[in-house]
Amino acid sequence: MIMVELTDPVETIVSLLKNGSTGLGTSGYEITDDNSAAVSILVSFKLSEEELKAQFGSDQDYDVIITVEKGEVKDEWIGLSVKQITVPVIIIIHVIDKWSAVATKYVTAPLVRSKAENALRKFIINHTQTAGGTIVLWKGISWKNEEDKNVRPVIHKCIVATEAWTFY
């Protein structure tokens, strides 16, 4: 059996989303505030609650924070010589109601979350067959909006469950 070097799908997806010329927030996947001005976006691996709050109030003062994490991986044979790895990849869009120091505009969290959700949905559809790295197929599975009211300011989230499939 030949061993292949597999790129972690989470790393690949973070890299895709962060790409300055083709990633989320670029032309075709714009995320804007209430006044249709571009918002500042941070794409990161999973952050703790403290790290997340710090990014909303940092010098950069991000308007939208998108975190990416991996779920439980399934590795199974789908033929005599081909294995399939299915990696659940959870993408969470975080937004708060605030005045954006970067864009000097107001950010209404539910509105901006909706725009970010639509941009991410379009991004995933356009990268289903050409995700990159060792990912052969990437698709969105579920979308769920919720608010974390245990923290102030309230964090508005969109939790997106996706799956990345790799064959080897």
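FYI, it's all coordinate maths here, none of it is from the lab. All of these numbers come straight from a predicted model, not from anything done at the bench. With ideal geometry, Cβ positions are generated from the backbone for all residues, glycine too; neighbour counts draw on all protein chains shown.
A straight chain from TRP99 to ARG152 at 0.36 nm per residue would run longer than the Cα-Cα distance by 17.6 nm.
In region 60-101, whose amide N lies under 13 Å from the spot 7 Å out along Cα-to-Cβ of THR108? List them in ranges. Residues passing the 13 Å test: 97-98. Summing +1 for each Lys or Arg and -1 for each Asp or Glu among the other residues whose beta-carbon sits under 9 angstrom from that of HIS156 gives -2.
Counting only other residues whose beta carbon sits under 9 Å from that of ILE90, what net charge do I get with K and R as +1, D and E as -1? Surrounding charge for ILE90 is +1. Hydrodynamic radius of region 86-168 by the Kirkwood approach over all distinct alpha-carbon pairs: 14.1 Å.
Only Cα pairs under 8 Å and at least 6 apart count here; give the relative contact order of region 9-167 as a rounded whole percent.
Working: 329 pairs, mean separation 37.9, N = 159.
Answer for region 9-167 is 24 percent.
Between the beta carbons of LYS122 and GLU50, assuming R0 = 25 Å, the FRET efficiency works out to 0.20 to the nearest 0.05.
Average 1/r across all pairs of distinct alpha carbons in the chain, invert it, and you get the Kirkwood radius: 16.7 Å. Modelled this way, with points 7 Å down the Cα-to-C-beta line, the labels at GLU11 and ASP61 are 3.5 nm from one another. Normalising by the residue count of region 76-150, find the relative contact order in percent from Cα pairs under 8 Å and 6+ residues apart. This gives 15 percent for region 76-150. Ignoring aspartates and glutamates fewer than eight residues from LYS74 along the same chain, the ones with Cα atoms less than 20 angstrom from its Cα are GLU5, ASP8, GLU11, GLU163.
Largest mean-square fluctuation among SER48, SER15, SER36, in a Gaussian network model of the chain whose springs join Cα atoms under 10 Å apart, belongs to SER48.
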